[in-house]
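The values are calculated or read from the model by the stated rules, or taken from the named source; none is laboratory data. What you see is a predicted model; the values in this text were computed from it and never measured. Cβ sites come from the backbone with ideal geometry, for glycine too, and all protein chains shown count toward neighbours.
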Amino acid sequence: MTARLPGNSEFLVELRDLRVHFPIRKGLVFERTIAIVKAVDGVSLSVRRGKTMGLVGESGCGKTTIGRAILQLQPLTAGEIRFDGADVAQLDPPGLKQFRRRVQAVFQDPFSSLNPRMTVGQIIAEPLVVHDVLPLAGERRRRVRQLLALCGLPGGFADRYPHEMSGGQRQRVGIARALALNPDFIVCDEAVSALDVSIQAQIIRLLEDLRDELNLTYLFIGHDLSVVRHLCDDVAVMYLGRIVEVAPSDELFSNPGHPYTRALLEAVPTPDPDLEKGREHEVLAGEVPSPINPPDGCVFHPRCPIAVPACRSRVPDLLPFGTDHEIACPETGAGGLSPSSPSLQQGV
């Protein structure tokens, strides 16, 4: 792995024109490709060190595929993933093993992601065994108890099995396992969506505390915008395999620029029933197109309320929309409507 001193770059993870396509094949003997699912189609994204990047969008837009690609669980079709300045695809086996120590994951379902035949202690210690970090069993047991305490669980939980624990406790075990190798970067794939609301708040607070204490960097994949707003420093919005808007969290929620982002935010109910009852909603027309046959030009144009003829043929780049704010929409980006335009503020 290419050596690089910590802090040489503002960004720990950089995706450059990332593409992940899945061929659909037909035939028992001579398989032939009859179609291609473009799950991720030209994504460029940078994650700042020590910060949390939120990745949001509808189900099936490619969020989890990006996380799996970063973790090297899914091969790339094209593009580049750079971690701490090194091209991950060019790593030799020792470099890839070192990369896997520095990049970990917390998965959505805290039950299916834990081996039911292993105790909690064995689950958390497994990365230490695989990477030969602590060869002595006594050292591993002490490390497991340290990690449990760090994640708010008693040391005695090391002897329990996953089915003997609640969902929140199991997710804490998953977080402890991710921390076992002292990683720099953690992919949180819908890490709280399977939990009760009260437990979600506890896990989010734990993730925040761990980030600040251990100087971690997160990619937080989610669909609950209230959770994303609370936890994330920056937010990227995806639609049908592409990034349509990127901005600091406060900026994106107070001043959304892309029509799709505005529609997502308008769909979030307000806690005041009277206000919610009188609020007008802009409902998007049509359905999400298939990633097998995405629209030409801007992938959002069939449902966009401000689409113009050029949107059908031109793939939009991310354009400036204020400070550190970019949107893939020339009608509201550079040369188009300004962030303060009344038509952009309507319904936000």
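Residue count for the range 128-141, restricted to those that are touching a residue at least 40 places away in the same chain (Cβ under 8 Å) and either exposed (fewer than 15 other Cβ atoms within 10 Å of the Cβ) or β-branched (Val, Ile, Thr) (or both): 2.
Looking across the range 310-321, the residues that are crowded, with 16+ Cβ neighbours inside 10 Å and aliphatic (A, V, I, L, M) come down to LEU318, LEU319.
Entry remark, the range 166-204: residues being in a helix (DSSP H, G or I) and not basic (Lys, Arg) number 18 in total. Return yes or no: is SER198 of a type in the set (Ser, Thr, Tyr) and in contact (Cβ under 8 Å) with a residue 24 or more places away in the chain? It is false that SER198 is of a type in the set (Ser, Thr, Tyr) and in contact (Cβ under 8 Å) with a residue 24 or more places away in the chain.
Yes/no per residue for (1) of a type in the set (S, T, N, Q); (2) at pLDDT 95 or above; (3) within 13 Å of LEU181 (Cβ to Cβ):
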| site | (1), (2), (3) |
| --- | --- |
| GLY121 | no, yes, no |
| ALA125 | no, yes, yes |
| VAL130 | no, no, yes |
| PRO135 | no, no, no |
| GLY138 | no, no, no |
| ARG142 | no, yes, no |
| ARG145 | no, yes, no |
| ALA149 | no, yes, no |
| GLY156 | no, no, no |
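Of note, VAL103 does not satisfy the criterion of being farther than 25 Å from ALA194 by Cα and β-branched (Val, Ile, Thr). Note on the range 77-88: residues that are in contact (Cβ under 8 Å) with a residue 40 or more places away in the chain and crowded, with 17+ Cβ neighbours inside 10 Å total 7.
Scanning the range 89-131 for residues that are more than 23 Å from THR65 (Cα to Cα) and of a type in the set (Ser, Thr, Tyr) yields one hit, THR119.
Criterion applied to ALA105, ALA125 was being buried (at least 18 other Cβ atoms within 10 Å of the Cβ), in contact (Cβ under 8 Å) with a residue 12 or more places away in the chain, within 21 Å of LEU214 (Cβ to Cβ) and over 24 Å from the mean Cα position of the chain (by Cα), and the one residue passing it is ALA125. Residues of the range 197-230 that are modelled with pLDDT of 95 or more and touching a Phe, Trp or Tyr at 6+ places or on another chain (Cβ under 9 Å): LEU207, ARG211, LEU216, THR217, TYR218, LEU219. The requirement of being out of contact with any Phe, Trp or Tyr (no Cβ under 6 Å at 6 or more places or on another chain), modelled with pLDDT under 95 and closer than 21 Å to LEU55 by Cα is fulfilled somewhere in the range 177-191, by at least one residue.
So for the range 150-165 (the condition being in contact with a Phe, Trp or Tyr (Cβ under 9 Å, 6 or more places away or on another chain), among the charged types (D, E, K, R) and either in a strand (DSSP E or B) or surrounded by 16 or more Cβ atoms within 10 Å (Cβ to Cβ) (or both)), does at least one residue qualify? The answer is no, given that none of the residues of the range 150-165 is in contact with a Phe, Trp or Tyr (Cβ under 9 Å, 6 or more places away or on another chain), among the charged types (D, E, K, R) and either in a strand (DSSP E or B) or surrounded by 16 or more Cβ atoms within 10 Å (Cβ to Cβ) (or both).
Looking across the range 192-205 at every residue that is among the hydrophobic types (A, V, I, L, M, F, W, C) and in contact with a helix residue (DSSP H, G or I) (Cβ under 7 Å, 6 or more places away or on another chain), the one that is farthest from GLY152 (Cα to Cα) is identified as ALA194.
Pairs meeting the criteria (first residue in the range 142-168 and touching a residue at least 24 places away in the same chain (Cβ under 8 Å), second residue part of a helix (DSSP H, G or I) and surrounded by fewer than 17 Cβ atoms within 10 Å (Cβ to Cβ), beta carbons under 7 Å, at least 6 apart or on different chains) are LEU148/GLY155; GLY168/GLN202.
Scanning the range 300-322 for residues that are of a type in the set (Ser, Thr, Tyr) and within 17 Å of ILE243 (Cα to Cα) returns no hits.
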